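The values are calculated or read from the model by the stated rules, or taken from the named source; none is laboratory data. Computed from a predicted structure; not experimentally measured. So basically every Cβ, Gly included, is an ideal-geometry build from the backbone, and we count neighbours across all protein chains shown.
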Amino acid sequence: MKTVPFGPADAVAPNVVAGMMRINDSSDDQIRDLYRAARDAGIDFFDHADIYGDHVHHCETRFAEALSLSAAERDEITIQTKCGIVKDAGGVFDFSYDHIIRQVDGSLKALQTDYIDVLLLHRPDALVEPEEVAKAFDELEGAGKVRSFGVSNHTPGQIDLLRTAVEQKFVANQLQLSIAHGALVTQGIAANMMGLEQSAVLDGGGLLEYCRINEITIQAWSPLQHGMFRGVFLGSDEFPELNAVIDRLAAQYGVEPIAIAIAWITRHPAGMQVVLGTTTPARVAAAAAGSDVYLTRAEWYELTRAAGHRVP
Ligand SMILES: NC(=O)c1ccc[n+]([C@@H]2O[C@H](COP(=O)([O-])OP(=O)(O)OC[C@H]3O[C@@H](n4cnc5c(N)ncnc54)[C@H](OP(=O)(O)O)[C@@H]3O)[C@@H](O)[C@H]2O)c1
């Protein structure tokens, strides 16, 4: 498993991590098998959010209940969680001091831990007041409840706004990225081309470059989906050309097709982390193998074109 820079100078984390959004209906044994497959593959980084599951903190609770980690094993892993989306409120975001503190306390309880390694602000709050966020972060850091902070789905301008008050370094920005949902990466290739959707600035402009310049690790969520949860592109009839290239490269590298989908992301020199969503242990192992596949430039661009992106 390859690692990427993450957080403080010289610190690293695996470039494939395990997302826990879909463990809602998993049994204790299934969660234990998933965790074991991840650890065996070199993944010691687990992504949560307060809103994952049928009710608030449900997936966090299921994870902790099923694993009952010893203090020593808890210290071996990185637990990341998120707050800022108000569950079941029909589209309300809340970055207020009170909400952040309350949700983190709930996550600590649900996860049965004294500290969260990484806390992300889940999706931008239009009513954000950076001073409120700063006050919450200072208190959480001071109390030892949260060790580092980041964002998710944020534009450069939104991060800069937070930075007017927040003093902690933003270690990560979790963003949707897959070969089939590649605008974050492919937009720049087609900059300033008339009448091309790919050329439209959808991310505040220069988001990829902003994260690289500011040493914010990009975490790619939904690495196998196209659109907003429209389905998995692997094996899909909607992507015949892409799957043909993926299958050929998978055979060439001696890996499963899923590994090639992961390698397209990990090949990028920004040093991204892929956030897997599968609940199938065998798929975790097969996907993790993508971490060690280093695609050539020609292969990377061929995959990009085969997914339908314009490479002028
Ligand atoms: N920050 C955000 O706004 C945000 C948003 C969404 C997600 N996330 C994070 O990102 C993680 C990953 O998201 P995701 O679950 O959408 O990612 P994903 O890995 O793209 O999708 C996982 C889903 O695809 C299925 N799948 C995987 N490989 C497959 C294959 N070869 N054939 C058919 N189905 C396959 C899985 O089924 P099985 O489980 O049956 O294998 C699972 O339902 C989440 O767990 C969460 O931690 C963050």
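The residues in the stretch 8-28 that are touching a residue at least 12 places away in the same chain (Cβ under 8 Å) and either in a strand (DSSP E or B) or under 15 Å from the mean Cα position of the chain (by Cα) (or both) can be counted, and the count is 10. Whether a residue is part of a loop (DSSP other than H, G, I, E, B) and closer than 24 Å to Arg123 by Cβ was assessed, and Val4 does not pass this test. Summed over the stretch 1-28, the residues that are within 15 Å of the ligand (Cβ to nearest atom) and not aliphatic (A, V, I, L, M) give a count of 8.
The residues of the stretch 144-161 that are within 16 Å of the ligand (Cβ to nearest atom) and either of a type in the set (A, V, I, L, M) or part of a helix (DSSP H, G or I) (or both), listed by number, are Val151, Gln158, Ile159. Restricting attention to the stretch 1-39, which residues are more than 18 Å from Ile216 (Cα to Cα), touching a strand residue (DSSP E or B) at 6+ places or on another chain (Cβ under 6 Å) and either surrounded by fewer than 20 Cβ atoms within 10 Å (Cβ to Cβ) or modelled with pLDDT under 95 (or both)? Across the stretch 1-39, the qualifying residue is only Met1.
Would you be able to say whether some residue in the stretch 174-192 is at positive phi, at pLDDT below 95 and surrounded by fewer than 16 Cβ atoms within 10 Å (Cβ to Cβ)? Yes - at least one qualifying residue is present in the stretch 174-192.
When we screen Ala251, Ala270 for residues that are modelled with pLDDT of 95 or more and either within 24 Å of Asn24 (Cβ to Cβ) or part of a helix (DSSP H, G or I) (or both), the only hit is Ala251. When the stretch 163-210 is examined, which residues are found to be more than 21 Å from Val274 (Cβ to Cβ), in contact (Cβ under 8 Å) with a residue 40 or more places away in the chain and not polar (S, T, N, Q)? Those that are more than 21 Å from Val274 (Cβ to Cβ), in contact (Cβ under 8 Å) with a residue 40 or more places away in the chain and not polar (S, T, N, Q): Lys169, Ala190, Met193, Leu196, Gly204, Gly205, Gly206.
Of all the numbered requirements in (1) out of contact with any helix residue (DSSP H, G or I) (no Cβ under 6 Å at 6 or more places or on another chain); (2) near the ligand (Cβ under 10 Å from one of its atoms); (3) outside any strand (DSSP E or B), Ile258 misses one, and that requirement is (1).
Selection of first residues in the stretch 39-51 that are small (Gly, Ala, Ser) and of second residues that are part of a helix (DSSP H, G or I) and buried (at least 24 other Cβ atoms within 10 Å of the Cβ), restricted to Cβ pairs under 7 Å at least 6 apart or on distinct chains, gives the following pairs, ordered by first then second residue: Ala41/Val284; Ala41/Ala288; Gly42/Ala288.
From the list Ala183, Ala165, the one residue that fits, being closer than 26 Å to Pro8 by Cα and out of contact with any Gly (no Cβ under 9 Å at 6 or more places or on another chain), is Ala165. Taken together, Ile43, Ile51, Ile85 contain a single residue that is within 16 Å of the ligand (Cβ to nearest atom), of a type in the set (A, V, I, L, M) and in contact with a helix residue (DSSP H, G or I) (Cβ under 7 Å, 6 or more places away or on another chain), which is Ile43. Would you confirm whether any residue within the stretch 80-96 is in contact with a Pro (Cβ under 9 Å, 6 or more places away or on another chain) and closer than 19 Å to Arg147 by Cα? Yes.
Taking the stretch 204-226 as the range and being away from the ligand (no atom under 11 Å from the Cβ) and on the phi > 0 side of the Ramachandran plot as the test, the residues that pass are Gly204, Gly205, Gly206, Glu215.
Set side by side, the residues Val275, Val201, Val284 differ, and just one is outside any helix (DSSP H, G or I), within 13 Å of the ligand (Cβ to nearest atom) and under 29 Å from Leu120 (Cα atoms), which is Val275.
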